[in-house]
Amino acid sequence: MESSAVLLGSKGLIRKHEFVRVIIQCLYSFGYQKSALCLEAESGISYKSSDFKLLESQIFSGNWYGCIDTINGIKGLTDDVRVSTLFLVLKHCLLEYSNCGDDASALAMLRKEAPIFHFSKDKIHKLAYSIFTSKDMNLDCSNDNVIHELRKKLLRDLEKTLPPPTCLPDRRLEQLVETTVMAQIDSCMYHNFSGAVSIYEDHCCGRDQIPTETIQVLTEHKNEVWFVQFSNNGEYLASSSSDCSAIIWKVLEDGKLTLRHILRSHQSQVSFVAWSPDDAKLLTCGHAEVLKLWDVETGTCKHTFEDHGFIVSSCAWFPDSKRLVCGSADPEMGIHLWDCEGNEIKAWRGSRMPKILDLAVTPDGENLISIFLDKEIRILNLESNAERVISEDHSISSLSISGDGKFFIVNLNNQEIHMWDVAGEWQQPLKYTGHQQNKYVIRSCFGGVNSAFIASGSENSEVYIWSRHSSKPIEVLSGHSTTVNCVSWNPKRPKMLASASDDQTIRIWGPTSSKNVKPGQS
């Protein structure tokens, strides 16, 4: 028998007998029964505690009063756990008695044991109810296999209820290893892939997991490029420019982009674009002008929203790709909900809906987030009409939502990006600094697997990338010659990023081709 005092590890924090017991459990769960039995015999350590072994023997023999005595004798159980455990045993006992026609024994057990253990009225009712309803199960009490399987299920339920050291949590070794792996992934600044990681060594990704190097420069726009956004399926990129046009680009298999459509219809600069969730439609907004709806496949304009002089400052799609919501810089116009033909479905106007600077709809369609009065963030639950307002100390220029809809970021003119949770559990935002923003509209975005990164443009001509866990940038990308207005991370290609600049170009960024670049260099 191994001594329980033997410790493992360089810090002496792991009890050897517990470690071996967890390994034995793992072997059993993997189906390696012979190996588990061999380890139990060689170490003298059993996977099952003596209390649980006794319970197992009593349950298989139908010694219910003995089970109750054993449970009452287990040390260290809280009252709640003890009552829950006894409830499981009594319920099973009543089920067997009643299905074998022994109602007298069932009622005798119920009358004797229930008052002793101070069961609530609710639990007593459930026990009594089980006597009468269990007969509907038509159990064959003469069939030993049926009774044996039911008792095995009771033991599994007890294993989940009884705490250590009486019973071990299910798959404990896997839990421990997975927790360690997740901690290493969380601390890895460059982690940017899904799926399994090797446990042969500590996990640590290199900077080749994220976009850090220019792989293509798109020069078709003839003036400043103000906005870029990848489609939801990652197969297209849309851009808009002060040259009064928008362009749809196709992402090829090799990662290169090629021009698909040039959208010319606006009489003014095109300030932003928005993909429908199904990627079949694209909205383009002229600066202080009209909103237009385009067919992505053909590149033709399907509708122009210009009713009642509504000047759109921002817009977003609902998940059904049939409705869109638009905000106006005109404080009298507020926010409008339209269908794709321009029919008004709903409107929010009045003093509580002043000048709208930017807005977004969460991917589940439940929340409408808007920026108004320069420094205010309004989160409106569209089902309950409950709203929450967050006040920032500095002017907000833009808004972006994470892929899972749980978080959003805002760019402030004090050279900070703030991340808030949509649910409203945070009292303070996470803050990201390092970029430059004083007077222009700079847009940021989430990116990478599980939206693990934040990227932003900057007035100093560079692109900044942060891990969500770090307030300081992990990469600063150089290439543009003047202000970078907007960035977009490909949602399906986690190593592809696009940036739009006043230098009239769009840069497509990918992972570095060099294997010798040290982390932190760009």
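The values are calculated or read from the model by the stated rules, or taken from the named source; none is laboratory data. All figures in this text were calculated on a predicted structure; none of them were measured in a lab. FYI the Cβ positions are ideal-geometry reconstructions off the backbone, even for glycines, and counts take in every protein chain you see. To get the accessible areas, we keep the full protein, side chains included, count just its heavy atoms, and leave off ligands, DNA and RNA. Shrake-Rupley method; radii C 1.70, N 1.55, O 1.52, S 1.80 Å.
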Next on the checklist: Can you tell me which of (1) in contact with a Phe, Trp or Tyr (Cβ under 6 Å, 6 or more places away or on another chain); (2) open to solvent by 30 Å² or more (accessible area, probe 1.4 Å); (3) aliphatic (A, V, I, L, M); (4) in contact (Cβ under 8 Å) with a residue 40 or more places away in the chain is the one Leu257 doesn't meet?
Outcome noted: (2)
Next on the checklist: I need a count of the residues in segment 270-299 that are among the hydroxyl-bearing types (Ser, Thr, Tyr) and either touching a helix residue (DSSP H, G or I) at 6+ places or on another chain (Cβ under 6 Å) or surrounded by fewer than 20 Cβ atoms within 10 Å (Cβ to Cβ) (or both).
Outcome noted: 1
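Yes/no matrix, rows are residues, columns are (1) among the aliphatic types (A, V, I, L, M); (2) open to solvent by 10 Å² or more (accessible area, probe 1.4 Å); (3) in contact (Cβ under 8 Å) with a residue 40 or more places away in the chain:
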site: Gln427; (1), (2), (3): no, yes, no
site: Gln437; (1), (2), (3): no, no, yes
site: Gly447; (1), (2), (3): no, no, yes
site: Leu477; (1), (2), (3): yes, no, yes
site: Lys495; (1), (2), (3): no, yes, yes
site: Asp502; (1), (2), (3): no, yes, yes
site: Ile506; (1), (2), (3): yes, no, yes
site: Pro511; (1), (2), (3): no, yes, yes
Checklist entry - Can you pull out the residues in segment 319-334 that are surrounded by fewer than 20 Cβ atoms within 10 Å (Cβ to Cβ) and either in contact with a Ser or Thr (Cβ under 8 Å, 6 or more places away or on another chain) or assigned to a loop (DSSP other than H, G, I, E, B) (or both)? => result Pro319, Asp320, Ser321, Lys322, Ala329, Asp330, Pro331, Glu332
Next on the checklist: If a residue must be assigned to a loop (DSSP other than H, G, I, E, B) and either more than 18 Å from Asn490 (Cβ to Cβ) or among the basic types (Lys, Arg) (or both), how many such residues does segment 400-420 contain?
Outcome noted: 5
Checklist entry - Does at least one position in segment 372-386 carry a residue that is open to solvent by less than 60 Å² (accessible area, probe 1.4 Å), small (Gly, Ala, Ser) and touching a His at 6+ places or on another chain (Cβ under 7 Å)? => result no
Checklist entry - Is there a residue in segment 449-458 that is at pLDDT 95 or above, part of a loop (DSSP other than H, G, I, E, B) and surrounded by fewer than 18 Cβ atoms within 10 Å (Cβ to Cβ)? => result no
Checklist entry - Hey, does segment 300-308 have a residue that's hydroxyl-bearing (Ser, Thr, Tyr) and surrounded by fewer than 22 Cβ atoms within 10 Å (Cβ to Cβ)? => result yes
Checklist entry - Of all residues in segment 117-168 being acidic (Asp, Glu) and modelled with pLDDT under 65, which is least open to solvent (accessible area, probe 1.4 Å)? => result Asp140
Checklist outcome for this item: Scanning segment 479-491 for residues that are buried (at least 18 other Cβ atoms within 10 Å of the Cβ) and either within 19 Å of Thr505 (Cβ to Cβ) or among the charged types (D, E, K, R) (or both) gives Gly479, His480, Thr483, Val484, Asn485, Cys486, Val487, Ser488, Trp489, Asn490
Item to check | Selection within segment 39-54 - open to solvent by less than 80 Å² (accessible area, probe 1.4 Å) and hydroxyl-bearing (Ser, Thr, Tyr) | outcome: Ser43, Ser46, Tyr47, Ser49
Checklist entry - Residues Ile262, Ile248, Ile215: which one is modelled with pLDDT of 95 or more, part of a strand (DSSP E or B) and touching a His at 6+ places or on another chain (Cβ under 6 Å)? => result Ile248
Checklist entry - Looking only at segment 9-38, which residues are more than 15 Å from Leu168 (Cα to Cα) and open to solvent by less than 50 Å² (accessible area, probe 1.4 Å)? => result Gly12, Ala36
Next on the checklist: If Asn232 satisfies all but one of (1) in a loop (DSSP other than H, G, I, E, B); (2) in contact with a Pro (Cβ under 8 Å, 6 or more places away or on another chain); (3) surrounded by fewer than 16 Cβ atoms within 10 Å (Cβ to Cβ); (4) modelled with pLDDT of 95 or more, what's the number of the condition it fails?
Outcome noted: (3)
Item to check | Given (1) open to solvent by less than 10 Å² (accessible area, probe 1.4 Å); (2) over 29 Å from the mean Cα position of the chain (by Cα); (3) of a type in the set (Ser, Thr, Tyr), number of the condition Ser239 does not satisfy | outcome: (2)
Checklist entry - Going by the structure shown, is Thr219 more than 14 Å from Thr505 (Cα to Cα), touching a residue at least 24 places away in the same chain (Cβ under 8 Å) and either open to solvent by 30 Å² or more (accessible area, probe 1.4 Å) or hydroxyl-bearing (Ser, Thr, Tyr) (or both)? => result no
Next on the checklist: Which count do you get for residues in segment 336-354 that are open to solvent by 80 Å² or more (accessible area, probe 1.4 Å), more than 29 Å from Asp279 (Cα to Cα) and not hydroxyl-bearing (Ser, Thr, Tyr)?
Outcome noted: 2
